[in-house]
Amino acid sequence: MFGTVFGYTTRSLDGRNLGEVAVVGPLTPGVEWGRLWGMARTMCRPSEGDSEHARWIMAQANRSFTCGSDVVVKFPRGTWKLARGKRADLGGYCMRDHLWTGNLTVEEVTQDQVAAYESIYRA
């Protein structure tokens, strides 16, 4: 999405492992989680609020994951850490109840890998 590498994962709130929480955030150093919400404000109608912006963010993350491309990397068991940013209720949109956004780190991803993915968009 626009030269910045974003991560997307799910979390479950109980032992059923349903993944009812979507977690989305930038992996690119120096890019803050607020960029997601700024992009959503730009792409949505001016009259729409946070709930529609959250659905837009979720739609982009879901589209990237399901459509995929050479720049999508899947870690079945990665160590994801989220610095809390902003949360929103999705009400079941894209099969998720909640959206948590913040700055992400994934221990299995090196900064060189993130830079390589960024370069694909800048080429």
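The values are calculated or read from the model by the stated rules, or taken from the named source; none is laboratory data. Bear in mind the structure is a predicted one, so any value in this text is a computation, not a measurement. Here the Cβ is made from the backbone with ideal geometry for all residues, glycine too, and neighbour counts use every protein chain on show. Heavy atoms of the whole protein, side chains included, go into the accessibility calculation; ligands, DNA and RNA do not. Shrake-Rupley method; radii C 1.70, N 1.55, O 1.52, S 1.80 Å.
Scanning the stretch 1-42 for residues that are exposed (fewer than 14 other Cβ atoms within 10 Å of the Cβ) and among the aliphatic types (A, V, I, L, M) turns up just one, LEU13. Given the conditions (1) outside any loop (DSSP other than H, G, I, E, B); (2) modelled with pLDDT of 80 or more; (3) over 24 Å from ASP14 (Cβ atoms), which single one is not true for GLU108? Only one criterion in (1) outside any loop (DSSP other than H, G, I, E, B); (2) modelled with pLDDT of 80 or more; (3) over 24 Å from ASP14 (Cβ atoms) is unmet by GLU108, namely (1). One residue alone among ALA88, ALA61 is of a type outside the set (Ser, Thr, Tyr), modelled with pLDDT of 85 or more, in a helix (DSSP H, G or I) and open to solvent by less than 40 Å² (accessible area, probe 1.4 Å), and that residue is ALA61.
Yes/no per residue for (1) at negative phi; (2) in a helix (DSSP H, G or I); (3) surrounded by 13 or more Cβ atoms within 10 Å (Cβ to Cβ); (4) at pLDDT 85 or above:
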{"position": "SER51", "(1), (2), (3), (4)": "yes, yes, yes, yes"}
{"position": "ILE57", "(1), (2), (3), (4)": "yes, yes, yes, yes"}
{"position": "LYS74", "(1), (2), (3), (4)": "yes, no, no, no"}
{"position": "LEU82", "(1), (2), (3), (4)": "yes, no, yes, yes"}
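Candidates in the stretch 3-46 are the residues that are closer than 15 Å to ALA59 by Cβ and assigned to a loop (DSSP other than H, G, I, E, B); of these, the one that is farthest from the chain's Cα centre (by Cα) is ARG45.
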